[in-house]
Amino acid sequence: MTTGAAVVGVGSTPVTRRAERSIVAVAVEAIDAALADAGIGHDDVDGCIGVAYSPNGGPQVAGVDQVTSALVTHQLGWRPRVSCDVFAMAGAALVQAAALVAAGMCRYVVVVRAVVSAVDGFRPTSDGLAWGDAQFTVPHGLTPGIGRHALAWQRYVDQFGASRDDLFRVVDVQRRAATANPYAYWRDTPLTRDEYVNARWVCEPLCLYDCDMPVTGAVALVVTGADQAAGHAAAAYLTAAASGPEPERALGDAAIAVDDVQVAQLYDGFSPFVFHWLERLGVAPVGQSPRLVAGGALERGGLLPTNTFGGSLSEGRLHGMGHIREAVLQAMGRAGERQITGVRHSIALVGIPEDAALMVFSPETSS
Amino acid sequence: MTSSEPSPVVPARDALTAPFWSATAVGELRLQRCTACGRFAFPPTVRCRACRSSVLEWERLSGDGTIHSACTYAAPPAPGFTAPHVVVLVQLDEQPDIVLTSSWPAPSAPPAGARVRVSFVPNGDETLPVFVPVSAP
């Protein structure tokens, strides 16, 4: 099976800790770079999908801490046939872009994701009230981000005996990989085991280096039909994709075994996620992935080279878009010194356990 | 905060959740239970997650449970909280896959499996169900 779609342009801005300019300017810089990479012009774009929410708990206002497709379309004077947003991580937007080009509704769809580092940090509530499902958690002091993942990891530790060294191995392999990623915030900063173990707790059992950090930056992708892709300088064909509660079904849909995946980008907003995804994908049985990682599975030359760009933990919180960019570049053969040789299937899995997207990219189209 | 102090964040009840807060206000822990398959549901839902029945009734629970997991915020999780702040997940005796979040009335996290019982703490216009340790008999 194939989705009938391909990514033919990738654009990224530098990743900075603080916002030095408008988030809209950041988004447009990524879009310009993606269009140039694809070799197309603004007037060729007939679809745009935004990813319109801030992971930082800010005001959630277009142009302030989020960038919607409507805002981009208005500012750039685009007249697309389809313009919409997803309220999920960026993988869901790519899945929708693929469907639009495969259906023939659009020829070139831009997916854009911009994030801005909130000036006043993360706040779980702005009005002292907790709405929706948060009414059962936030009044108890459980914040939407780290708390639930700290609780999940503590449960895992109790059940399977995992240790801080297990988490450090994930952080460490990614920090070393990040030295080859020019976008990574921590690209020039190695992390020793002592520094990791002595770092302050944020929410025990997770410490500072188990968390990605808020950054400002944007990534844009140009998606077109697989039949159009051959006319572009580079293409990553989307062999299979799924978004929702069971993203791993995309592997089965494409009849791909996980051992036929050569490189993986697994969302790592917090370090324990990597173990979760390895077990969801069947790389290891539940409870066994730390042992696999201790054996070097995530390294270059390991069983499944993972987060070869350093992950969010090293690059910064682009909320999954860094993972997708890297998966695309690996499939295109354009990952430079990070390139894994012999890539036939390059995957990105981004999201949270109950809502994620899996994308399988290939250097060649398949049927 | 500890279990005896109000939280700086108040739950905003809505049409789906009002029976939960009306029950805690009178010192009862009530959750929806499916009349078709007998499963409890939480957080509140319009359909049973197990069988999709739309007939769910609010049933009182014992309020007894065990610690499923715990975490400790080193800094206040939000303005108005103190630190360290411990949050626990509690498995209810009636159906262990129903897990409620609670603040914990001590600065260090309890071990998984510890026995707990619900208590009720006034909080703004609502009353929070807060789980506390059950002392050994």
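Just a few scattered comments:
- Only one of the numbered conditions (1) assigned to a strand (DSSP E or B); (2) within 20 Å of B:S7 (Cβ to Cβ); (3) away from every other protein chain (no Cβ under 11 Å); (4) aliphatic (A, V, I, L, M) is not met by B:A23, and that is (1).
- Summed over region B:94-114, residues that are exposed (fewer than 15 other Cβ atoms within 10 Å of the Cβ) and more than 22 Å from A:L206 (Cα to Cα) total 2.
- If you go through region B:67-91 and keep only what is more than 15 Å from B:R115 (Cα to Cα) and small (G, A, S), you end up with B:A74, B:A75, B:A78, B:G80, B:A83.
- The condition of being closer than 25 Å to A:R113 by Cα and over 13 Å from the mean Cα position of the chain (by Cα) holds for A:Q330.
- In region B:26-45, residue surrounded by the fewest Cβ atoms within 10 Å (Cβ to Cβ) [restricted to those that are hydrophobic (A, V, I, L, M, F, W, C) and away from chain A (no Cβ under 13 Å)]: B:V26
- Qualifying residue in region B:7-19 (condition: of a type in the set (K, R) and either more than 9 Å from every other protein chain (Cβ to nearest Cβ) or more than 30 Å from B:P107 (Cα to Cα) (or both)): no
- For region A:107-150, taking the residues that are in contact with a Cys (Cβ under 9 Å, 6 or more places away or on another chain) and assigned to a loop (DSSP other than H, G, I, E, B), the one that is farthest from the other protein chains (Cβ to nearest Cβ) is identified as A:G145.
- No other residue among A:Q174, A:Q159 is at the interface with chain B (Cβ under 9 Å from one of its Cβ atoms) and part of a helix (DSSP H, G or I) apart from A:Q159.
- Checking each residue in region B:78-98 for being out of contact with any helix residue (DSSP H, G or I) (no Cβ under 7 Å at 6 or more places or on another chain), within 9 Å of chain A (Cβ to nearest Cβ) and free of Cβ contacts under 8 Å to residues at least 40 places away in the same chain picks out B:P84, B:V86.
Quick grid of which residues meet (1) part of a loop (DSSP other than H, G, I, E, B); (2) touching a residue at least 60 places away in the same chain (Cβ under 8 Å); (3) crowded, with 24+ Cβ neighbours inside 10 Å:
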| site | (1), (2), (3) |
| --- | --- |
| A:G302 | yes, no, no |
| A:T308 | yes, yes, yes |
| A:L313 | no, yes, yes |
| A:R325 | no, yes, yes |
| A:A348 | no, yes, yes |
| A:A357 | no, yes, yes |
| A:F361 | no, yes, yes |
| A:E364 | yes, yes, no |
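- Verdict on A:P55 being touching a residue at least 12 places away in the same chain (Cβ under 8 Å), assigned to a loop (DSSP other than H, G, I, E, B) and buried (at least 19 other Cβ atoms within 10 Å of the Cβ): yes
Each value in this text was obtained by applying a stated rule to the coordinates, not by laboratory testing. Bear in mind that the values here come from a model prediction, so they are computed numbers and not experimental data. Glycine gets a Cβ as well: all are built from the backbone with ideal geometry, and neighbour counts include every protein chain shown.
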